[in-house]
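Before any comments, here is the structure.
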Amino acid sequence: MTIARRQFVQGLAATGALAAASQPVFSQTAPITLKWANNIPVTHPSNVRIREAVENIKKDTNGRVDIQVFPNNQLGGDTDMLSQVRSGAIDIFPLSGLILQTLVPLAGINGLAFAFKDYQTVWAAMDGDLGAYVRAAINKVNLHVFDRCLDNGYRNITSSTKPINTAADLKGFKIRVPVSPLWTSMFKALEASPASINFSEVYSALQTKVVEGQENPLAVIDLAKLYEVQKYCSMTGHMWDGQWVLANGKRWASLPADVQAVITKHVTDAVMKQRDDIRRLNNGLEAQLKAKGLVFNYPENKSFRDALSKAGFYKEWRGKFGDEAMAKLEKYSGKLV
């Protein structure tokens, strides 16, 4: 090979090396496919924002990361999907802390009845030291939990038989509750008859009169069309509920740091946008649901709180959560007795 030819070949090789070096690292490595599942209707703001996040993650990783979303209980009910995210059959799954409580008892603490007076208090607690305390407990069961939780909203009671104006109206009332110890405990303390049913079965349970009523945020009542099988909506606002975004711990740890960073960034952005979506959605939902035939009433919470206190509900859960955890909650809620 002549000197000129050798220099030409070396120049081409150097040019190729420089071009390869200039390509993002994402384009040079194997593709990653993840499953994201949830129990939420496809049109709910949570799914709208997650689909946006998925597209942004794919774009920012040059197609390397493909997250497949399975909404609306496609992969099972809440308890099934919790098992699947722990086994690795599902990679990412948002879940109410009160259902996660079956695995991580502390995760249900935000659901203590009437703990949060408004959203300012909710986010101060959940994005602050109470949320950090809960996340530390979740991490101990080999689940990765993202720093910000989705908003599921303040929960209200619907019924096919009567409005719920006071705690006395709940006596013997057959109500669906999620599969959660705290939910069951609360409605038993109110002398109702709670039935633990996964959300995937709620509509049919109401339609067939297995239960008279249920409780959920307005957005869920609307998007799941529960107004078709319920007549009354009592604006009890008895608890605030959110969803922690969980990932299989082993799978998350196996992802390269750059991939983790991109996913975390876009999931966090999606969560913050979802919170604002829920706020704006709830502002107009009452009028929309009234137009669909749902009859609203507005009970005061005193009779419910008095009944819970008399039944020893707060005392029971103080013992279960412990003084340290309750102190972190009561920093925001005030004393719960």
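Bear in mind that the values in this text are calculations on the coordinates, not laboratory data. None of these values were measured; they are calculated from a predicted model. Counting neighbours? That spans all protein chains shown, and the Cβs are built from the backbone with ideal geometry, glycine included.
For this structure, a couple of remarks:
- Each peptide in 291-300, 173-182 gets a packing score, the mean of other Cβ atoms within 10 Å over its residues, and the list from highest to lowest is 173-182, 291-300.
- Other-chain or far-sequence residues with amide H under 5 Å of Val179's (modelled H): Ile197
- For the range 201-208, putting each phi into the Karplus relation 6.51 cos²θ - 1.76 cosθ + 1.60 with θ = phi - 60° gives couplings of 10, 5, 4, 5, 5, 6, 5, 8 Hz, in residue order, rounded to whole numbers and with x for Gly and Pro.
- Projecting label points 7 angstrom from Cα along Cα→Cβ for Ser193 and Gln68 puts them 4.3 nm apart.
- Above-threshold pairs, the threshold being 30 Å between Cα atoms, out of Lys140/Lys171; Lys59/Lys331; Lys117/Lys171: Lys140/Lys171; Lys59/Lys331
- Stretching the chain fully between Glu52 and Thr184 yields a gain of 44.0 nm (0.36 nm per residue, less the alpha carbon separation).
- Annotation: the antiparallel percentage among DSSP beta bridges lying fully within the range 27-330 is about 55.
- With R₀ fixed at 56 Å, the C-beta to C-beta distance from Lys140 to Ala287 puts the FRET efficiency at about 0.80.
- Between the range 107-173 and the range 69-95, the alpha-carbon center distance in angstrom: 20
- Mean shadow area of the chain over all directions, Cα convex hull, nm²: 20.1
- Taking the fewest neighbouring Cβ atoms within 10 Å as the starting point, the ordered list for Val48, Val65 is Val48, Val65.
- Whole-number percent relative contact order across the chain, with pairs defined as alpha carbons under 8 Å at least 6 apart: 24
- Under 20 Å from the Cα of Lys188 - aspartates and glutamates, other chains or at least 8 residues apart: Asp169, Glu212, Glu215, Asp241, Glu300, Asp306, Glu316
- Inter-label distance, nm, simple model (7 Å from Cα along the C-beta direction), Ala257/Asp129: 3.0
- Which of Thr102, Thr158, Trp240, positive extreme of dipole for the range 27-330 (C-beta unit charges): Thr158
- Cut-off under 5 Å, modelled amide H: who pairs with Leu34 long-range: Asp66, Ile67, Gln68
- Taking Lys and Arg as +1 and Asp and Glu as -1, the other residues whose beta-carbon sits under 13 Å from that of Ala311 total +2.
- Amide hydrogen neighbours beyond the local backbone of Met239, cut-off 5 Å, H modeled: Phe114, Arg155
- Ordering Ser303, Ser159, Ser185 from the fewest to the most neighbouring beta carbons within 10 Å gives Ser303, Ser185, Ser159.
- Proxy reagent accessibility, fewest Cβ within 10 Å first, across Leu34, Leu308: Leu34, Leu308
- Taking 14 Å as the cut-off, the amide N atoms of the range 178-201 that come nearer than this to a point 7 Å along the Cα-to-beta-carbon line of Lys162 belong to 191-193.
- Nitroxide proxy distance, nm - points 7 Å out along Cα→Cβ at Lys320 and Gln207: 3.2
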